[in-house]
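In what follows, a structure is listed as structure tokens, so that the remarks can point back to it.
The values are calculated or read from the model by the stated rules, or taken from the named source; none is laboratory data. Model, not experiment: these values are computed from the prediction. Positions of Cβ are backbone-derived with ideal geometry, glycine not excepted, and every protein chain shown enters the neighbour counts. For accessibility, only protein heavy atoms count, side chains too; no ligands or nucleic acids. Shrake-Rupley method; radii C 1.70, N 1.55, O 1.52, S 1.80 Å.
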Amino acid sequence: MTDEKKQTKKNDPQETNEFKGHEYDIEAGEVVEEELVEGAPVRRKGIYLLPNALTTASLFSGFYAIVSAANGMFDNAAIAIFVSMILDGLDGRVARLTNTQSKFGEEYDSLADMVAFGVAPGLVAFFWSLNNLGQVGWAITFIYVAGAALRLARFNTQIGSVDKNYFVGLASPAAAACVAGLVWCFHLVEPASWLTLMTIIVVGGCGVLMVSNILYKSFKDLDMRGRVPFAAILLVVLIFVVVALDPATVLFTVFLAYALSGPVLALFRKSRRSEDQSA
């Protein structure tokens, strides 16, 4: 090796400790994020435990749903997806309440959602019914999985640029609930052509709705901390009772109605605009 090459190798930051203590020096396996504190950038090491633990639990539920479906336990698989929905709703709220939001948490949550609401529902439906259709079955499954991936990617890029009171396209948790509710509702029914057709419509339709430009109400404008009439708590009790009577049917019906509400309201708004223009 020539003296020039030796000198180059010696001055290589990856081969020396020249940059030790510099802002680019990171401990192996550690996460470092830059935050603004009183307008000044501050580098912090580590992650917040509580919200990321909830995200991990959501990821585990999605993984468990896949394993359960592969072993023929389709009711357990569907329930696990609904558990993931609850955990996914908690992690963000806990992070905001405890002021533990982070870029790492956002990215981790998005990846966990892809498993729990993209891959898991698609594979559960495939193992349950669509695998009997050969190439058509896995094609329908892929439409759903790809739709979930595109929906999550688009959502991440639209944060702060769209009205928070609406989702552009069907939210992936709602789409997963439609698929999981279908499987949970009919997992004991003998295979039939009408059930296979319904599965194709629900799985493929949810995949398309996720990447559509149809607006869905997000319900983020609901004030859960304000005072309400006393009768409101009775309504909450009634909702719990109805769900407890037949959770599979009730949840499937509610989320299917929500998925259909987007196209119906879009057609209604379009007809209203046509009438206003013709008037």
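Annotations
- Filter result (small (Gly, Ala, Ser), surrounded by fewer than 20 Cβ atoms within 10 Å (Cβ to Cβ) and not in a loop (DSSP other than H, G, I, E, B)) within segment 75-104: GLY89, GLY92
- Of all residues in segment 161-192, those that are in a loop (DSSP other than H, G, I, E, B), of a type in the set (Val, Ile, Thr) and under 20 Å from GLY72 (Cβ atoms) total 1.
- Failed item in (1) among the aromatic types (Phe, Trp, Tyr); (2) in contact with a Ser or Thr (Cβ under 7 Å, 6 or more places away or on another chain); (3) over 24 Å from LEU188 (Cβ atoms), with PHE126 passing the rest: (3)
- Scanning segment 239-260 for residues that are open to solvent by 40 Å² or more (accessible area, probe 1.4 Å) and more than 16 Å from ILE79 (Cα to Cα) yields ILE239, PHE240, VAL241, VAL242, LEU256, ALA257, TYR258, LEU260.
- Qualifying residue in segment 143-155 (condition: under 21 Å from VAL264 (Cα atoms) and without any contact (Cβ under 8 Å) to a residue 24 or more places away in the chain): no
- In segment 120-134, the count of residues that are over 21 Å from LEU182 (Cα atoms), open to solvent by less than 30 Å² (accessible area, probe 1.4 Å) and in a helix (DSSP H, G or I) is zero.
- The one condition in (1) out of contact with any Ser or Thr (no Cβ under 6 Å at 6 or more places or on another chain); (2) in contact (Cβ under 8 Å) with a residue 60 or more places away in the chain; (3) assigned to a helix (DSSP H, G or I) that LEU235 fails to fulfil: (2)
- Residue list for segment 207-232, filter: without any contact (Cβ under 8 Å) to a residue 12 or more places away in the chain and open to solvent by less than 60 Å² (accessible area, probe 1.4 Å): GLY226, ALA232
Residues checked against (1) in contact with an Asp or Glu (Cβ under 8 Å, 6 or more places away or on another chain); (2) surrounded by 12 or more Cβ atoms within 10 Å (Cβ to Cβ); (3) of a type in the set (Lys, Arg):
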residue: LEU150; (1), (2), (3): no, yes, no
residue: ARG154; (1), (2), (3): no, yes, yes
residue: ALA176; (1), (2), (3): no, yes, no
residue: ALA180; (1), (2), (3): no, yes, no
residue: TRP184; (1), (2), (3): yes, yes, no
residue: HIS187; (1), (2), (3): yes, yes, no
residue: GLY205; (1), (2), (3): no, yes, no
